[in-house]
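Visitor: Provided herewith is a single structure, encoded as structure tokens, for subsequent inquiry.
Laboratory data are not the source of any read-out in this text; all were calculated from the coordinates shown. These numbers were taken from a predicted model, which means no experiment stands behind them. As a convention, Cβ positions derive from the backbone with ideal geometry for all residues, glycine included, and neighbour counts pool all protein chains shown.
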């Protein structure tokens, strides 16, 4: 799967980091702290669909002092962007080789980069050593059949954030909001490289499948809250939504253009997501 630019990921990163549910994040951090104390080693995380490394940047400073991350993506350009962005983010680069080793806030973070077709090889990736499998804004892009495969193969804790729940609210309201959102949902359920995407149903499907396999599952809302202090992000979000709606052909060009003209200067936008923490019983 490809198609997300590093520029878009950088624009959304501040909203992504603000939106995360702190209670669930604290639980996974506590779990990993317990692993580090009990086993006296670096904690191991695998980040699926890592993009430019935002998930690591959000979590790493709250985790134990020794960490080993494997960042997995199919897009080599995003993996290169992740390496560059993480080097810029770090306080110190200890080693820039096959394993990138950084220091940040007194944490030592080892990072491997793996180019993998997750649509085909998810079972192989889930067999790698890990204390936590993590992902951000990923699972709504995959098919229900793939989600079932994933849940069947999962053997350790899952912590995933920002799975789209289908809800959006723009202010001030516009007469076309509901029809635009309906068409956007139709686009969400097109093939993103994994088959027909689950879109807003992804979190519900994962909850069902994981509970059926004996996992303890907690969900928490993690909505974006965006206002005119992030005007560039609002413009990009509205433009991207309009482009997706145009691809469906469900609305007239005039309706989409009028909605977009109003939305690029919207005062506020809320976009709903779910965070999920699932642990084997």
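Visitor: Can you put 8, 69 in order, fewest other beta carbons within 10 Å first?
Guide: 8, 69
Visitor: Next question, about the same structure. As a test, work out the antiparallel percent of DSSP beta bridges whose residues both lie in the chain, rounded to the nearest 5.
Guide: 55
Visitor: So, one more: I want the antiparallel fraction of DSSP beta bridges within region 38-133, as a percent rounded to 5.
Guide: 35
Visitor: If one takes the longest principal axis of the Cα atoms in the chain, at what angle in degrees, from 0 to 90 and to the nearest 10, does the Cα axis of helix 6-19 lie?
Guide: Value to nearest ten degrees: 80.
Visitor: Now for a separate question. Would you mind ranking 125, 271, 245 by Cβ crowding within 10 Å, fewest neighbours first?
Guide: 125, 271, 245
Visitor: OK, next. Rounded if a/c is under 1.5, else prolate if a/b beats b/c, else oblate: with a ≥ b ≥ c from the C-alpha gyration tensor eigenvalues square-rooted, which is region 59-154?
Guide: Since a/c reaches 1.5 and a/b is larger than b/c, the shape of region 59-154 is classed as prolate.
Visitor: May I pose another question? Measuring from label point to label point, each 7 Å out along Cα→Cβ, what is the residue 40 to residue 270 span in nm?
Guide: Going from the residue 40 label point to the residue 270 one covers 5.0 nm.
Visitor: Could I ask something else about it? Under a point spin-label approximation (7 Å from Cα along Cα-to-Cβ), what is the residue 114-residue 281 distance to one decimal in nm?
Guide: Simple spin-label model gives 2.8 nm for this pair.
Visitor: Compute the Cα gyration tensor for region 216-276, then decide on rounded, prolate or oblate, letting a ≥ b ≥ c be the square roots of its eigenvalues: rounded whenever a/c is under 1.5, prolate when a/b is larger than b/c in the other cases, and oblate in all that remain.
Guide: In terms of gyration-tensor shape, oblate.
Visitor: Next question, about the same structure. Quickly estimate the mean residue ellipticity at 222 nm for the chain, helices only: each DSSP H run with n ≥ 4 gives -39500 (n - 2.57), and the total goes over all residues, rounded to 500.
Guide: -13500 deg cm²/dmol
Visitor: Please compute the length gained on full extension between residue 174 and residue 80, using 0.36 nm multiplied by the number of residues separating them and subtracting their Cα-Cα distance.
Guide: Stretched out fully, the residue 174 to residue 80 stretch lengthens by 29.8 nm.
Visitor: Hey, in the GNM for the chain with a 10 angstrom Cα cutoff, which one of 227, 121, 21 fluctuates hardest?
Guide: Largest GNM mean-square fluctuation: 121.
Visitor: Taking every pair of Cα atoms in the chain, average 1/r, invert it to obtain the Kirkwood radius, and report Rg/Rh to two decimals.
Guide: 0.97
Visitor: What is the helix-to-structure angle for 177-188, meaning the angle in degrees between its Cα long axis and the longest Cα principal axis of the chain, kept from 0 to 90 and rounded to the nearest 10?
Guide: It works out to around 50 degrees.
Visitor: Relative to the longest principal axis of the chain, what angle (0 to 90°, nearest 10) does the C-alpha long axis of helix 231-248 take?
Guide: Value to nearest ten degrees: 70.
Visitor: Please give the Cα centre distance for region 1-70 versus region 116-152, rounded to the nearest Å.
Guide: Their Cα centres are 16 Å away from one another.
Visitor: Using the Cα gyration tensor of region 134-281, with a ≥ b ≥ c the square roots of its eigenvalues, what is the shape: rounded (a/c below 1.5), prolate (a/b larger than b/c) or oblate (neither)?
Guide: Here region 134-281 falls in the prolate category.
Visitor: Okay, moving on. Taking the Cα centre of each part, how many Å lie between region 175-202 and region 220-278?
Guide: One Cα centre to the other: 13 Å.
Visitor: Gain in length, residue 95 to residue 257, computed as 0.36 nm per residue apart minus the alpha-carbon separation, to one decimal in nm?
Guide: Contour length minus Cα-Cα distance gives 53.4 nm.
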